[in-house]
Amino acid sequence: MIIFNHVYKEYKNGVVALDDVTLEIPSGDFVFLVGASGAGKSTMIKLLIREEQVSKGSIRIDDTDITAMPKFKIPKLRREVGVVFQDYRLLNRKTVFENIAYALEITGESSREIKKRVEAVLETVHLEDKQNCYPTELSGGESQRVSIARAMIHRPKILVCDEPTGNLDFDTAKDIMDALDRFNQEGVTIVMATHAREIVDAMQKRVVSLDGGSILFDQESAGYYENPQ
Ligand code: ADP
Ligand code: ADP
């Protein structure tokens, strides 16, 4: 369970990005954060991985108040909350396999365990045949699926995505959504910030719509512009 409790975020320049956001996301949920550019979507994502800190209020993940968490625990948080960005952020000098394995090497897993886990996660994103390719040899959709595989290698219970389909056409974006859906069906909570209206309409998941840092509506099985009334 993720709980935003009266979260307020003001950046140093005085911009109020979130203004009293309260939101509960149960484990296993699939939720879209939608809204115009500047609505506060990325800020919510950044707060969830402690890339930014709240100005007021708190955010709880299960029993942990991540806003009260000491800095030395942030690397552990980032293994428990996977993150995917619009621009993939792959290392161009490493192969697909190495890009994913890299994250595990830091934690000291055996090479046999690393190979097993990397191959398994590549299978879930349907890229088992690309493990020896370099990122420059991949399409945008393939690159994003590698990025998702990397985010999932620590088996996080939560995956947050900031505009993951922003650089992709609709059909390729659908492949990304299929991959996210497969992890969601295994019980992973998905929080995806997007302004891709067609994708949100097609998926019919929970939609939290932000406007000027506040929640405009929050609805199950919705499209981009739906409203409860
Ligand atoms: P979205 O992801 O919905 O486009 P953001 O969360 O990125 O919205 O931004 C919300 C508001 O906060 C915008 O007005 C944006 O310009 C501002 N903002 C975002 N990041 C920063 C920052 N690091 N410093 C100052 N203002 C920021
Ligand atoms: P995206 O559209 O992918 O969410 P943004 O354009 O919102 O990305 O933000 C890109 C980067 O610039 C982020 O690191 C964000 O924190 C920063 N940023 C956004 N708006 C501002 C701002 N008004 N002042 C300073 N930094 C900002």
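The values are calculated or read from the model by the stated rules, or taken from the named source; none is laboratory data. Since we're looking at a predicted model, the values are computed, not measured. Cβ coordinates were reconstructed from backbone atoms using ideal geometry, including for glycine residues, and neighbour counts include every protein chain displayed. Just the protein is used for accessible areas: all its heavy atoms, side chains included, with ligands, DNA and RNA removed. Shrake-Rupley method; radii C 1.70, N 1.55, O 1.52, S 1.80 Å.
Does any residue in the range 187-199 that is closer than 17 Å to Glu226 by Cα come within less than 7 Å, Cβ to Cβ, of a residue that is open to solvent by 10 Å² or more (accessible area, probe 1.4 Å) and assigned to a helix (DSSP H, G or I) six or more places away or on a different chain, and which pairs are these?
Ala193/Lys41; Ala193/Ser42; Glu198/Phe170
Going by the conditions given, is Arg78 closer than 24 Å to Thr165 by Cβ, not in a strand (DSSP E or B) and not hydrophobic (A, V, I, L, M, F, W, C)?
So Arg78 fits the description; yes.
Each row is one residue, and each column tells you yes or no for (1) under 22 Å from Leu127 (Cα atoms); (2) not in a strand (DSSP E or B).
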| site | (1), (2) |
| --- | --- |
| Ala149 | yes, yes |
| His154 | yes, yes |
| Ala173 | yes, yes |
| Met177 | yes, yes |
| Gly187 | yes, yes |
| His195 | no, yes |
| Asp201 | no, yes |
| Arg206 | no, no |
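Any idea which residue in the range 208-221 is farthest from ligand 2 (Cβ to nearest atom), counting only those that are open to solvent by less than 50 Å² (accessible area, probe 1.4 Å) and more than 17 Å from Ser42 (Cβ to Cβ)?
Going through the range 208-221, the residues open to solvent by less than 50 Å² (accessible area, probe 1.4 Å) turn out to be 208-210, 213-214, 217, 219.
From the residues that got through so far, the ones that are more than 17 Å from Ser42 (Cβ to Cβ) too are 217, 219.
Numbers: Phe217: 21, Gln219: 23 Å.
Filtering first and then ranking leaves Gln219.
Under 7 Å by Cβ, and 6 or more places apart or on different chains, what pairs join a residue from the range 49-64 that is over 16 Å from Val83 (Cβ atoms) with one that is modelled with pLDDT of 95 or more and among the charged types (D, E, K, R)?
Cβ pairs passing all conditions: Val54/Lys9; Ser55/Lys9; Ser55/Glu10; Ser58/Asp65.
Looking at Tyr224 and the list (1) open to solvent by 30 Å² or more (accessible area, probe 1.4 Å); (2) in contact with a Lys or Arg (Cβ under 6 Å, 6 or more places away or on another chain); (3) over 25 Å from Arg89 (Cβ atoms), which single condition is not satisfied?
Unmet condition: (1).
Which one of Phe30, Phe72 is more than 13 Å from ligand 2 (Cβ to nearest atom), touching a residue at least 24 places away in the same chain (Cβ under 8 Å) and more than 30 Å from Glu137 (Cβ to Cβ)?
Within the list Phe30, Phe72, the selection yields Phe30.
Can you list the strands (runs of 3 or more DSSP E) lying wholly within the range 1-48 that have 3 or more residues being more than 16 Å from Asp218 (Cα to Cα), within 15 Å of ligand 1 (Cβ to nearest atom) and touching a strand residue (DSSP E or B) at 6+ places or on another chain (Cβ under 8 Å)?
Because the criterion is at least 3 residues that are more than 16 Å from Asp218 (Cα to Cα), within 15 Å of ligand 1 (Cβ to nearest atom) and touching a strand residue (DSSP E or B) at 6+ places or on another chain (Cβ under 8 Å), the strands (runs of 3 or more DSSP E) in the range 1-48 that meet it are 2-10.
Yes or no: the range 61-83 includes at least one residue that is closer than 18 Å to Ile190 by Cα, within 16 Å of ligand 1 (Cβ to nearest atom), open to solvent by 30 Å² or more (accessible area, probe 1.4 Å) and at pLDDT 95 or above.
yes
Only one of (1) in contact with a helix residue (DSSP H, G or I) (Cβ under 7 Å, 6 or more places away or on another chain); (2) assigned to a strand (DSSP E or B); (3) more than 16 Å from ligand 2 (Cβ to nearest atom) fails for Leu91. Which number is that?
Leu91 satisfies every listed condition except (2).
Quick one: would you say Lys94 is modelled with pLDDT of 95 or more, surrounded by fewer than 16 Cβ atoms within 10 Å (Cβ to Cβ) and of a type in the set (D, E, K, R)?
It is true that Lys94 is modelled with pLDDT of 95 or more, surrounded by fewer than 16 Cβ atoms within 10 Å (Cβ to Cβ) and of a type in the set (D, E, K, R).
Here are the criteria: (1) at pLDDT 95 or above; (2) surrounded by 13 or more Cβ atoms within 10 Å (Cβ to Cβ); (3) assigned to a loop (DSSP other than H, G, I, E, B); (4) not aliphatic (A, V, I, L, M). Tell me which single one Glu109 does not satisfy.
Result: Glu109 fails condition (1) only.
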